[in-house]
Amino acid sequence: MKTLLDRRYFLRGAGALIALPALESVGFRRFASASASNPIAPPKRSVFMGIGFGVTKETWYPDINQTGADYELPEGLAPLARHQSDITVVQGCSNQFTNEAHWGSTFWLTGANRYSVPGQNMANSISVDQVVAQQLGKDTRFSSIQLNGSDLQGHGPGLSLAWDQRGKPVAGQDDPVQVFHKLFSEDAMPLEQRQAAIAENRSVLDAVFSQAKSVQRGLSKTDNSKLDEYFQGIRDIETRLKKDEDWLEIPKVKAPLTEPSPGLKGKAEIEIMQDLIVAALQTDSTRSLTYRMPGQSLLQSLDVKPSAHNVSHYSPGARMDASKLRDKTHSQLLARFVDKLKAAKEADGSSLFDHTAVAFGSNISSIHYLTNCPTILTGGGAKLKLGQHLVLAKDTPLCNVWLTMLQGMGIDTPQHGDSTGIVKELQA
């Protein structure tokens, strides 16, 4: 081993770690036994579904003069009529630091100031789903699962909706077939070989960590800060390796659905991803999921010719019609998802819907405006007051909504992002 670590070798070491196949997954919980007479209390879960370019403001938002339970669903939300008593539409929220009109999801769940780190033009902070994962993902095979659409127009930088505690992007998967196998297919590699692979990966990790420590002395404050960040990355990988090791001998659960057909796009792609989300929750494979939904492929599956970006610049005519059709389709799909959650039963006779907190929306409102983020909340997992239209004061931090959700899920945290407090009107 070299005593000193030159830059090229250091990057090779980091690259080797990133490439390790064992780091793609982060654990399942051991299923506790339950009986009809003594069922285990169902756990809390969360699902965040983000769209890119926002909505059609003229036909998506309810009338601001109709608040509470007595409001009329607008055209864009009409497909949700059968679930109106189980959804809450929130108006007035935004992320105060948002300044990029093409980034519909980068800061949606974080509320971060992209310029918060001097000398960097892009910084982020932990996303709300990862706060859930830290607290509720300890007992599941996967602490969290991140899903992506086949195209990501309007979403902005990031590898998924998720950002870790250091504000670094968390990788997501965009192939339903791969997601299915990740959740439910057993590893063909013999147990002894998998154990040896983890041991080897840990050995590589230890060697790189040791060499990195050897060059710490004499570095500038800035370089030491970068190295500290690198060390935290190594510690994160160590945590994931430990979880992989804990679950090596625990077989994956039987899939409650068939393997998806390959090559699905647009609406069909969203439907199968929804089915996989429900299956992951139903089998307690994870309790924290995000889905960065597709835009362009959805429009193509609806026979819409303009691009997702051009549709977002709608004006009366074909583009506005396309924008309205997209909104209705999103609402149809969300209604379908709620149907699935309500149909999935828990051991105690309640439904998956009763224990899952769901958020749908975007950081962009309409035509690239960044105020009044479209927000729909549903599910009983966060003890929120559902069945209402809520109009908050203009520019209320969207993170106030996320903080209210977190606390409603039993997660003891005083703040999230730029939150200034909870939304009392949301508390059940």
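The values are calculated or read from the model by the stated rules, or taken from the named source; none is laboratory data. This is a predicted model, so every value here is computed, not measured. No Cβ is skipped: glycine too gets one built from the backbone with ideal geometry, and neighbour counts run over all protein chains shown.
Couple of notes before you dig in:
- Hits in segment 344-372 (condition: more than 14 Å from H83 (Cβ to Cβ), out of contact with any helix residue (DSSP H, G or I) (no Cβ under 7 Å at 6 or more places or on another chain) and of a type in the set (D, E, K, R)): K345, D348
- Selected residue [among the acidic types (D, E), under 20 Å from the mean Cα position of the chain (by Cα) and assigned to a loop (DSSP other than H, G, I, E, B)] from D348, D354, D418: D418
- The residue that is farthest from T356 (Cα to Cα), among those in segment 262-281 that are in a loop (DSSP other than H, G, I, E, B) and touching a residue at least 24 places away in the same chain (Cβ under 8 Å), is P262.
- Of the numbered criteria (1) touching a residue at least 40 places away in the same chain (Cβ under 8 Å); (2) in contact with a Gly (Cβ under 9 Å, 6 or more places away or on another chain), the one T413 fails is (2).
- Single condition R141 does not satisfy, out of (1) in contact (Cβ under 8 Å) with a residue 60 or more places away in the chain; (2) surrounded by fewer than 23 Cβ atoms within 10 Å (Cβ to Cβ); (3) on the phi < 0 side of the Ramachandran plot: (2)
- Filtered residues of segment 339-357 (kept if under 17 Å from E271 (Cβ atoms) and surrounded by fewer than 21 Cβ atoms within 10 Å (Cβ to Cβ)): D339, K340, K342, A343, A344
- Residue in segment 249-263 that is more than 19 Å from F142 (Cβ to Cβ), crowded, with 16+ Cβ neighbours inside 10 Å and modelled with pLDDT of 70 or more present: no
- Subset of segment 373-395 that is in contact with a helix residue (DSSP H, G or I) (Cβ under 6 Å, 6 or more places away or on another chain) and in a strand (DSSP E or B) - its residue that is surrounded by the fewest Cβ atoms within 10 Å (Cβ to Cβ): L390
- Tabulated pairs, segment 168-180, first under 16 Å from F142 (Cα atoms), second part of a strand (DSSP E or B) and of a type in the set (D, E, K, R), C-beta under 8 angstrom, 6+ apart or interchain: G172/R292
- Residue within segment 81-88 that is in contact with an Asp or Glu (Cβ under 7 Å, 6 or more places away or on another chain), modelled with pLDDT of 95 or more and not acidic (D, E) present: no
- Tallying residues that are under 16 Å from F48 (Cα atoms), crowded, with 19+ Cβ neighbours inside 10 Å and more than 14 Å from the chain's Cα centre (by Cα) within segment 264-275 yields 2.
- Residues satisfying the stated conditions in segment 127-147, i.e. among the aromatic types (F, W, Y) and part of a helix (DSSP H, G or I): none
- Complete set of residues in segment 282-333 that are of a type in the set (K, R), assigned to a loop (DSSP other than H, G, I, E, B) and over 25 Å from the mean Cα position of the chain (by Cα): K305
- Residues satisfying the stated conditions in segment 145-175, i.e. crowded, with 23+ Cβ neighbours inside 10 Å, out of contact with any Asp or Glu (no Cβ under 6 Å at 6 or more places or on another chain) and under 25 Å from P43 (Cα atoms): I145, Q146, L147, S160, L161, W163
- Applying the set (1) at pLDDT 95 or above; (2) out of contact with any Pro (no Cβ under 6 Å at 6 or more places or on another chain); (3) farther than 29 Å from E425 by Cα to R319 leaves exactly one unmet item: (2).
- Single residue of S105, S94, S85 found to be crowded, with 22+ Cβ neighbours inside 10 Å and either within 23 Å of D321 (Cα to Cα) or touching a residue at least 12 places away in the same chain (Cβ under 8 Å) (or both): S105
- Residues of segment 396-424 classified as more than 19 Å from N363 (Cβ to Cβ) and surrounded by fewer than 16 Cβ atoms within 10 Å (Cβ to Cβ), total: 7
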